[in-house]
Every structure is written in structure tokens, then in C-alpha cells.
Amino acid sequence: MAITKQGHYEIYVSVFDEVKNVNIQFYPTENALLTKLNDAKQIVLLKRFTKGLYGVYQQNEQVVISDLRMGVEGNYVFSFVVAEQKDQQLIPGQYQKLSNRLPLDKLKLVFARITDPNIDL
């Protein structure tokens, strides 16, 4: 994992891979959405909990922070609704934890990827 201001890179590699088979994917995040909420106690706690490895996403009207350390893009174990966007304004949320379990069919791909670099996660 590598973090930038514009997003993060997830690096998929197995101990069986050759260097040419390393798969690096960039995923944009919307960290600027937090600008108005940065001082909120819950945001500070979530940033500390993630040790700075977080992504910010807008899902419909919800602003979500995901801990990038556990899971894969779109299916992080720890994701929280931190705000809702209404009429061009952010309204702090209840910090509800989302259920983003990895579908079982995708889990099979993760295990298959260990020995087959051609599998796209």
C-alpha cells in the first residue's frame, strides 16, 4: 500500500510472483471532503485508529472513511459513515459502521491469486 493526497495504490503480489507479475492499482479517494470535518473528535479518532492509512469516499449522499489496512478496494472491514451531503453542505454523521464483507466468490479469487498472477483482483 502506498498513500498519496489523491488516493492510494494497492499492490498485489505473491511470494511466488516474478517481479514482472506485480500488479499495482491506483484508487482515487476524496480526502478533501473531510476539510470541514477535520476538527471533529470522531474524525481525529478514526485517523489515529487507521494510522493514516484511510480512504475517503462519497457513496451517494454519504461520506465514508475506510481503514485501508484490512480488506480490498470496495470491501474494507472498517468503514464508517462520517457525514451526509445535503444541499451542498456536509452534515456530520452518526459514525455508523458499514458492513462491507468480501463476497465469497471474490475470496476464492484472492486464494487463487497466490499462485496465478493472471488473476485480476
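The values are calculated or read from the model by the stated rules, or taken from the named source; none is laboratory data. Owing to the predicted nature of the structure, the values given are computational and were not obtained by experimental measurement. All Cβ positions, glycine included, derive from the backbone under ideal geometry; neighbour counts span all protein chains shown. Surface accessibility is based on the protein's heavy atoms, side chains included, excluding ligands, DNA and RNA. Shrake-Rupley method; radii C 1.70, N 1.55, O 1.52, S 1.80 Å.
Brief remarks follow.
- Selection count where residues are part of a loop (DSSP other than H, G, I, E, B) and more than 14 Å from ASP116 (Cβ to Cβ), scope the range 3-15: 3
- Evaluated against (1) out of contact with any Phe, Trp or Tyr (no Cβ under 7 Å at 6 or more places or on another chain); (2) open to solvent by 60 Å² or more (accessible area, probe 1.4 Å), TYR9 falls short on exactly one condition, (1).
- For the range 79-89, the criterion of a residue being open to solvent by less than 90 Å² (accessible area, probe 1.4 Å), of a type in the set (D, E, K, R) and in contact with a Pro (Cβ under 9 Å, 6 or more places away or on another chain) is satisfied by at least one position.
- Close Cβ contacts (under 7 Å, 6 or more residues apart or on different chains) running from residues in the range 74-102 that are part of a loop (DSSP other than H, G, I, E, B) to residues that are aliphatic (A, V, I, L, M) comprise VAL77/MET70; PHE78/MET70; LEU98/VAL64; LEU98/VAL81; LEU102/VAL72.
- Residue satisfying all of: in the range 16-73; hydrophobic (A, V, I, L, M, F, W, C), within 18 Å of MET1 (Cβ to Cβ) and part of a loop (DSSP other than H, G, I, E, B); least open to solvent (accessible area, probe 1.4 Å) among these: LEU68
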